Amino acid sequence: MLQDQQYLRIPGPTPIPPSVQRAMAKPMIGHRGNETSDLLRSIKPRLKKVFGTDQDVMIITGSGTSGLEAAVVNAVKPLDEVLIIVTGAFGARFVQICEAYGIRVHIYEVEWGQAFDPHEIQEHLRKFPEVSAVFATYCETSTGVMNPIHELASSVKEVSDALIIVDGVSCVGGVETKMDEWGIDIMVTGSQKAFMLPAGLMFIAASERAWEVIYSNPNRGFYLDLSKYRKDLEKDTTPFTPALSLLFGLDQALELMDTEGLENVYGRHTLMKEMVRAAFKALKIPLLTNDRDGSDTVTAVQPEDFDAEEFRKVIKKEFGLSIAGGQERLKGKIFRIGHMGYCSPADILQTLGMMEIGLIKVGKNIELGQGVAAAQRIYLEKEENDR
């Protein structure tokens, strides 16, 4: 292996396109000058399109977790009751944040590896009529589950006026997102996943209904006070110093997404998911999720007859290929393959080829090429159907 050759197939941070790298290397500019305002004016309408909203999408220098905290501190007050849907480690993170702010938490947890049922959420909400917000995760990164966010709001609103707050960190930009049409009140995502950037930017949008709640909340914090960002964004500026190099990169990343076309971006992610899933089925290695619940951006594999951590170490040493392990209760039990952002079907075929060799090295009895061939067939079927 060439020492500096690395293949990053974790569910974030993801690889960065060369044109985005070049954009981030531009000379620094003044953050209060016209050039920065021009940059924000270029970015704003395209971010709205990705979110599927007419609302402005605020850009905050911080990690995805800062977005989750911003959603909590702006939309919920101490001693308020909330319902948090936990389908994995990142749903559980909402619990930790809310408890840190003295918010009363009701948890609805499903088995890790499964998506929630919106109708069961509805039944659970009937027990807690004082709940002011429902928190959910669109793609649960830790399990490779894609939750039915498109059905959540309509189900909740039959029994509750609670705000719908969604963590979209590991999928927005890679999967269809229709925040307004679906009735989502707050949507959060980050830069280091499907947006093809380094970590360091957080994007968050709120509905008019959510803004009414936010403005009535006297305890919105300081740096994460969304009303400051909304007010300044209307003037094409930011309340605090932005990460300008990342904004240069964001402008270029959005250009790449526009050029490809969002529907094609989403189709590419679906295709890569299907290729990966077909490969492991052909190799007779179990997947953690079923086909309906499986994410378009990350796939979780649950081996039964070889060690997941040993396998990760082997392919890292042999090829410089990085995949993710399990988290918390799934630690050592699964491995996760990221296929989002700057990633193509060609990358998936290469990744699967390397992984098949890794499987042989850890003693798994497989026929080389079997998984790759299954993925190739999926690719060709898609091409045939598109004609």
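Residue 204 - would you say it is β-branched (Val, Ile, Thr) and either touching a Leu at 6+ places or on another chain (Cβ under 6 Å) or more than 18 Å from residue 168 (Cβ to Cβ) (or both)? The answer is no for residue 204.
If you check 97, 103 for being among the β-branched types (Val, Ile, Thr), over 17 Å from residue 202 (Cα atoms) and at pLDDT 95 or above, only one passes: 103. When we screen 338, 332 for residues that are open to solvent by less than 10 Å² (accessible area, probe 1.4 Å) and touching a strand residue (DSSP E or B) at 6+ places or on another chain (Cβ under 9 Å), the only hit is 338. Restricting attention to segment 112-151, and to residues there that are assigned to a loop (DSSP other than H, G, I, E, B) and of a type in the set (Phe, Trp, Tyr), which single residue is most open to solvent (accessible area, probe 1.4 Å)? For segment 112-151, the residue satisfying everything is 128. Taken over segment 294-333, the criterion of being over 21 Å from residue 273 (Cα atoms) and basic (Lys, Arg) is satisfied by 313, 316, 317, 329, 331.
For segment 323-382, residues that are farther than 20 Å from residue 11 by Cα and of a type in the set (Gly, Ala, Ser) total 5. Residues in segment 323-366 that are of a type outside the set (Gly, Ala, Ser), in a loop (DSSP other than H, G, I, E, B) and either more than 15 Å from residue 295 (Cβ to Cβ) or in contact with a His (Cβ under 9 Å, 6 or more places away or on another chain) (or both): 331, 333, 339, 340, 342, 343, 362, 364, 365, 366. Only one residue in 22, 46 is charged (D, E, K, R), open to solvent by less than 60 Å² (accessible area, probe 1.4 Å) and either in contact with a strand residue (DSSP E or B) (Cβ under 7 Å, 6 or more places away or on another chain) or more than 30 Å from residue 143 (Cβ to Cβ) (or both). Which one? When all the criteria are applied, what remains is 46.
Looking at 102, 52, just one residue is free of Cβ contacts under 8 Å to residues at least 60 places away in the same chain, open to solvent by 20 Å² or more (accessible area, probe 1.4 Å), more than 30 Å from residue 321 (Cα to Cα) and among the small types (Gly, Ala, Ser), and that residue is 102.
Among the residues of segment 75-90, not a single one is free of Cβ contacts under 8 Å to residues at least 60 places away in the same chain, assigned to a helix (DSSP H, G or I) and open to solvent by 30 Å² or more (accessible area, probe 1.4 Å). Go through the residues of segment 61-73 one by one and say whether even a single one is in a loop (DSSP other than H, G, I, E, B), in contact (Cβ under 8 Å) with a residue 24 or more places away in the chain and surrounded by 15 or more Cβ atoms within 10 Å (Cβ to Cβ). There is at least one residue in segment 61-73 that is in a loop (DSSP other than H, G, I, E, B), in contact (Cβ under 8 Å) with a residue 24 or more places away in the chain and surrounded by 15 or more Cβ atoms within 10 Å (Cβ to Cβ).
Within segment 92-118, if we keep just the residues that are among the β-branched types (Val, Ile, Thr) and in contact with a strand residue (DSSP E or B) (Cβ under 7 Å, 6 or more places away or on another chain), the residue that is nearest to residue 289 (Cα to Cα) turns out to be 107. Among the residues of segment 157-174, the one identified as touching a Gly at 6+ places or on another chain (Cβ under 9 Å) and surrounded by fewer than 23 Cβ atoms within 10 Å (Cβ to Cβ) is 157. If you check residue 258 against the conditions, is it surrounded by fewer than 21 Cβ atoms within 10 Å (Cβ to Cβ) and outside any strand (DSSP E or B)? Criteria met by residue 258. Would you confirm whether or not segment 296-311 contains a residue that is within 28 Å of residue 17 (Cβ to Cβ) and surrounded by fewer than 16 Cβ atoms within 10 Å (Cβ to Cβ)? Looking through segment 296-311, none of the residues is within 28 Å of residue 17 (Cβ to Cβ) and surrounded by fewer than 16 Cβ atoms within 10 Å (Cβ to Cβ). If only residues of segment 75-94 that are touching a Leu at 6+ places or on another chain (Cβ under 7 Å) and of a type outside the set (Gly, Ala, Ser) are counted, the one that is modelled with the highest pLDDT is 83.
Give me a count of the residues in segment 279-296 that are in a helix (DSSP H, G or I) and touching a Gly at 6+ places or on another chain (Cβ under 8 Å). So the answer is 3.
The values are calculated or read from the model by the stated rules, or taken from the named source; none is laboratory data. Just so we're clear, the structure is a prediction, and the values are computed from it rather than from any experiment. Positions of Cβ are backbone-derived with ideal geometry, glycine not excepted, and every protein chain shown enters the neighbour counts. Just the protein is used for accessible areas: all its heavy atoms, side chains included, with ligands, DNA and RNA removed. Shrake-Rupley method; radii C 1.70, N 1.55, O 1.52, S 1.80 Å.
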